[in-house]
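K.L.:
I'd like to ask some things about the structure below.
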Amino acid sequence: MKIIRAKDYNDMSRKAANIISAQIIMKPHCVLGLATGSTPIGIYEQLVEWYKKGDLDFSEVTTLNLDEYKGIARENEQSYYFFMNEKLFSKVNINPKRTFLPDGMEPDSGKACADYNRIIEAAGGVDLQLLGLGHNGHIGFNEPGMAFEAQTHCVNLTESTMKANQRFFASADEVPKQAYTMGIKTIMQAKKILVVVSGEDKAAIVKEAFLGTITPKIQASVLQLHNDVTLVADEAALSLI
Ligand code: GLP
């Protein structure tokens, strides 16, 4: 694993955005695996800025997002679709028909997951997968458990994840309890993986995930088995390693 040390959040965002833009320049018709959460926001802002300057062209890019809440409509401000549209898709020249997320409004989990697996397969695999890191080591919404789930599946979110996400909702009752997420096998099949982490509150999990035992209890630890992972993290997040 390559570890790139950034000074702070802005530096992390610019360095990671540079890696993504290099991917788009090298392969204009690439497939990007995208992530939500607060960590990638600075990256998307930087990419939009470079697009506006004329340095980036998204016209041939396909995107596959990691996850979506179950039972939340696209129009809902808390949906990951809304997030992606607001932060990136509506601000660059990407073809909306080539932007994909699991369908949170499909109540049949089996169908929602099978449909998304088919979309991933049709896209031909991910060239560069962007990942954030949950405080409990989750990637996408692959929560700590007894196994690594291979493909898209429906997860029951852990108490700690629901608590972490509560800040985005008006009340605790509104926080979704389930989500559809890409599986670990799909993530591990990406040609390149870019993990971004910021802040002292993630320092302990960074150490555990990337230097500790490989275990489904810390889902991100599986990334130690991938041969092209770049971790871009700020000094605070790297303070324990
Ligand atoms: C959510 C997302 C993850 C994300 C994680 C960390 O649960 N499903 O993809 O990486 O939160 O979020 P943040 O970057 O806000 O700490």
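The values are calculated or read from the model by the stated rules, or taken from the named source; none is laboratory data. Since we're looking at a predicted model, the values are computed, not measured. Every residue, glycine as well, gets a Cβ built from its backbone with ideal geometry; the counts of neighbours run over all protein chains shown. Calculation scope for accessible area: heavy atoms of the full protein, side chains included, ligands and nucleic acids excluded. Shrake-Rupley method; radii C 1.70, N 1.55, O 1.52, S 1.80 Å.
K.L.:
For the chain, which whole percent of the accessible surface, found with a 1.4 angstrom probe, sits on carbon and sulfur atoms?
P.N.:
Numbers: 5640 of 11130 Å².
Accessible surface attributable to carbon and sulfur in the chain totals 51 percent.
K.L.:
What's the extension gain from Arg118 to Lys52 if we count 0.36 nm per residue and subtract their Cα-Cα distance?
P.N.:
That pair, Arg118 and Lys52, stretches by 20.5 nm at full extension.
K.L.:
Restricting to Cα pairs below 8 Å that are 6+ residues apart, what does the relative contact order work out to for region 2-234? Please round to a whole percent.
P.N.:
25 percent.
K.L.:
Hey, another quick one. Would you mind pulling out the separation of the Cα centroids of region 12-44 and region 172-241, in Å?
P.N.:
If we compute the Cα centre of each part, the gap is 16 Å.
K.L.:
Can you tell me what share of the DSSP beta bridges in region 95-241 is antiparallel? A percent to the nearest 5 is fine.
P.N.:
40
K.L.:
While we're on this one: Full extension from Gln151 to Ser239: what is 0.36 nm times the residue separation minus their Cα-Cα distance, to one decimal in nm? Please report the intermediate quantities before stating the final value.
P.N.:
Numbers: separation 88, 0.36 × 88 = 31.68 nm, distance 3.32 nm.
That works out to 28.4 nm of additional length.
K.L.:
What shape does region 152-198 have by the C-alpha gyration tensor, where a ≥ b ≥ c are the square roots of the eigenvalues, rounded means a/c under 1.5, and otherwise prolate means a/b greater than b/c and oblate the rest?
P.N.:
Oblate, since a/c reaches 1.5 and b/c is not below a/b.
K.L.:
With a 10 Å radius around each residue's Cβ, average the other Cβ atoms per peptide and rank 166-172, 96-102, highest first.
P.N.:
96-102, 166-172
K.L.:
Using a basic spin-label model with each label point 7 Å from the Cα along Cα→Cβ, how many nm lie between Ser160 and Ile25?
P.N.:
Calculated label separation equals 3.9 nm.
K.L.:
Same structure, new question: Cα-Cα over 27 Å: which of Lys111/Lys185; Lys91/Lys185; Lys27/Lys91; Lys27/Lys185?
P.N.:
Exceeds cut-off: Lys91/Lys185.
K.L.:
A follow-up question, please. Dipole size in debye (nearest 20) for the chain around its Cα centre, Lys and Arg Cβ +1, Asp and Glu Cβ -1?
P.N.:
I would put it at about 540 debye.
K.L.:
How many Å² of accessible area per residue for the chain, probe 1.4 Å?
P.N.:
For the chain, the solvent-accessible area averages 46 Å² per residue.
K.L.:
Which of Leu225, Ile41, Met182 sits closest to the plus end of the dipole of region 2-234, meaning its Cα is farthest towards the positive end, when Lys and Arg get +1 and Asp and Glu get -1 on the C-beta?
P.N.:
Among Leu225, Ile41, Met182, the one farthest towards the positive end of the dipole of region 2-234 is Leu225.
K.L.:
For Met188 paired with Met1, estimate the spin-label separation in nm (one decimal), with each label point 7 Å from Cα along the Cα-to-Cβ line.
P.N.:
Label-label distance for Met188 and Met1, simple model: 1.5 nm.
K.L.:
Counting each DSSP H run of 4 or more residues in the chain as -39500 (n - 2.57), what helix-only mean residue ellipticity at 222 nm follows after dividing by all residues, to the nearest 500 deg cm²/dmol?
P.N.:
-9000 deg cm²/dmol
K.L.:
With unit charges on the beta carbons (Lys and Arg positive, Asp and Glu negative) and the dipole taken about the Cα centre of the chain, which residue among His135, Thr215, Val31 sits farthest to the positive side?
P.N.:
Val31
K.L.:
In addition: Rounded, prolate or oblate: which fits the chain, taking a ≥ b ≥ c as square roots of the Cα gyration tensor eigenvalues, rounded meaning a/c under 1.5, else prolate when a/b beats b/c? Don't skip to the answer; put the middle values down first.
P.N.:
Details: a/c = 1.30, a/b = 1.02, b/c = 1.27.
Verdict is rounded for the chain.
K.L.:
Summing +1 for each Lys or Arg and -1 for each Asp or Glu, what net charge is found among the other residues whose Cβ lies under 13 Å from the Cβ of Ala179? Please list the in-between numbers first.
P.N.:
On the way: positive: Lys70, Lys177; negative: Asp67, Glu68, Asp103, Glu106, Glu143, Glu149.
For residues surrounding Ala179, the net value is -4.
K.L.:
Once you put a point 7 Å from the Cα of Asp8 and another 7 Å from the Cα of Met105, both along the Cβ direction, what distance in nm separates them?
P.N.:
Taking the simple label geometry, Asp8 and Met105 are separated by 4.1 nm.
K.L.:
Multiplying the sequence separation of Glu86 and Phe168 by 0.36 nm and subtracting their Cα-Cα distance, what value in nm do you get?
P.N.:
Once the chain is fully extended between Glu86 and Phe168, it gains 28.0 nm.
K.L.:
Further, regarding this structure: Mean-square fluctuation check for the chain, GNM, Cα pairs under 10 Å: which of Leu32, Leu211, Leu223 is largest?
P.N.:
Leu211
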